[in-house]
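Let me begin by presenting the structure, written as structure tokens, before commenting on it.
Coordinate-derived values only; no laboratory data. All figures in this text were calculated on a predicted structure; none of them were measured in a lab. Please note: Cβ atoms are built from the backbone with ideal geometry, for glycine as well, and neighbour counts cover all protein chains shown.
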Amino acid sequence: MHYNLVKASNRRYLEELKNLAKEMPVVYQSVNIMQHTEWVINKPVYEVIKQCMDNDFPLGKLPVNPQAIELPIKPVDISTNPEALVKWKREASKVYSNRSKQNSKFIQVRQIMAEAKMLLEKKGFFYPYQLDFRSRVYPKPAMLSPQSADYSRALLTFKFGKRIGDNFDILAVAGAGLFGEVDKEELDVRVGWIKAHMDKIIECATAPLEHTWWCDADKPFCFLAFCYEMKAYSDSNFDSSFITTLPIQADCSNSGLQHYSAMMRDEVGGKATNLVPSNKPSDVYNLVAIEVTKKLQARTDELATKWLAYKIDRKICKKPVMCLPYSLTRYSCRQYLEDHVAKEFTERGTQHEFGDDLFKATAYLTPIVWEAINDVVVKARDIMDFLKNIARLVASENLPVCWSTPLNFPVQMMCYKKESKRVKTKMGDSIVKLSIASETNIIDKRKTAQSVCPNFIHSLDASVLQLAVVKAKEAGVDNFSMIHDSFGCTTPDNRIMADAIRDAFCEIYNEDVLLNFANEMKAMLSEKNLKKFPTMPIKGNLDLQEVKKSVFFCI
């Protein structure tokens, strides 16, 4: 079957990409390198998931059978008591909603396991990759893949490994990161945590359905795969010739804000996102949580007191801060806060005093979180406003926003307005009226402004990844497990990959990325709109070469 390298339907755009192929060699090289990685199914993890599914064990955050979620018991006076009826309906509605969510996840697990079963006895297999219009790299198979859910990634391991050498600490740090208890501490603390829990790790690998401590991990099945690897390494008496095939990931510290800080040479944002070296990793989510707590302490109303009692931590602030570079809205911010509180109550039993009206409580907290984020990452907001204002000008001329990535990939962001048409059709003896949405030839200014920030950042993420893959391959790395801003390889290749990531990041930002974008936009605008072009944000004095010395930039 034929697939285009770039997932797009616009023939003119595809033709342009074809003509520009020789001008973006790194993009093509990176995809070909990733496609040469050979995989096999991690059989021990497969067996655990299979047993869980066969016996309805919801271990490791596996979705349960939606039909097993029981409705609340009806009150005996439900037919005569209107208040009891309303209360029961409200609780039942939550169950039906949960069933609907679990159903899609339940089906997904079964599909992924069906694919894994088909590949179980294969000697090896490869993934074809495809780019989206921002040049982000995705494996073509949508279910079982290195970029899918935790249990899906845990099912995959490299076919060919390498001798682990003297790299126990690197494997240990990766394992601690997967569990999540000390993943924001110094590296020595993480290694010490693994050593202190070695007996539990061995127990989980020996009898995972009996010793279920691994289920407490942030990424339970990937941590279980780590347990199996660590047990095998232990059984070899930690021999330096032990062959390790486990992919371990190095994750960037909020890559969106890292890109904004690098663009603006922002010292404050750079320090908050680990662009500069330090003994302990900076945690921008925790910085925002501290700022929110200060603002709540300055208030004396009831909801402020309840939120302080609930305790604002990095976890509740993580999603809003993480999504800020991707055009976070206040509506989304409030929803993320509500989802977090509801999830913590359901999964961890974390109590709160907000009753059934979480909407009111999170609507109260939203502007406080919003203000705290802006206090911590000022420059990011400046760039986002700059990008949005430019996008509105381009869209006002009914033109798509187009730019070139640092690796010369042409991005075309086409956000057309849609119109809805009512269509009558006959199904059996009934007449059915359907609404069909189709694109017009008019650019949607609002959607264009909302989309430019995330798409611009994603195109830069993609460039760093592609350049890092090529550099790492040239330095001797053979296996790649890439997830946009997360870089996976075998344990002994970790240091090489780390250097490649930092070199690639610095090389991308040797150019003035924001100025290049602005110049491309100016070339598209009329004289009238050029006069309205916003002023470039003022840069700071961050030395980007410091990134190469920063351990916690991506780990």
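Laid out as a table, the results:
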read-out	value
Burial ranking of peptide ranges 518-524, 189-195, 434-440, 453-459 (average Cβ count within 10 Å, highest at the top)	453-459, 189-195, 518-524, 434-440
Integer Hz, Karplus 6.51/-1.76/1.60 couplings in order for the range 7-12, x for Gly and Pro	6, 8, 10, 6, 5, 5
Linear extension gain, residue 210 paired with residue 235, 0.36 nm per residue minus alpha-carbon span	7.0 nm
Inter-probe distance in nm under a simple model that places probes 7 Å from Cα toward Cβ, at residue 126 and residue 2	2.0 nm
In sequence order, calculated HN-Hα J values of the range 315-326 (Karplus, 6.51, -1.76, 1.60; Hz; x Gly/Pro)	5, 6, 8, 4, 5, x, 5, 4, 8, 4, x, 10
Selection of GluC sites (Glu not before Pro), the range 53-161, meeting DSSP coil and at most 10 other Cβ within 10 Å	70, 121
GluC sites (Glu not before Pro) restricted to the range 344-400 and DSSP loop, no more than 14 other C-beta within 10 Å	353, 397
Estimated FRET transfer efficiency when R0 is 25 angstrom, pair residue 416-residue 107 (beta carbons, to 0.05)	0.20
Length added when fully stretched, residue 315-residue 332, from 0.36 nm per residue minus Cα-Cα	4.5 nm
Chymotrypsin sites (Phe, Trp or Tyr not before Pro) within the range 1-79: DSSP coil, no more than 14 neighbouring Cβ in 10 Å	3
Inter-probe distance in nm under a simple model that places probes 7 Å from Cα toward Cβ, at residue 389 and residue 186	4.5 nm
Under-5 Å amide H pairs with residue 404, H placed in peptide plane, nonlocal only	411
Förster radius 45 Å - calculated FRET efficiency between residue 359 and residue 549, Cβ distance, rounded to 0.05	0.45
12 Å Cα cut-off, lysine pairs counted over the range 43-122 (separation 8 or more, or different chains)	6
Within straight-line cross-link reach of residue 140, lysines at Cα separation under 16 Å, skipping those fewer than 8 residues along the same chain	7
Phi-based couplings in Hz for the range 506-519 (Karplus 6.51, -1.76, 1.60; Gly and Pro marked x)	5, 5, 4, 8, 5, 8, 8, 4, 5, 5, 4, 4, 4, 5
Value of [θ]222 nm, deg cm²/dmol, for the chain, DSSP H segments ≥ 4, -39500 (n - 2.57) each, nearest 500	-16500 deg cm²/dmol
Residue 35 versus residue 279: modelled label distance in nm, points set 7 Å from Cα along the beta carbon direction	4.9 nm
Calculated FRET efficiency for the pair residue 73/residue 294, C-beta based, R₀ 51 Å, to 0.05	0.70
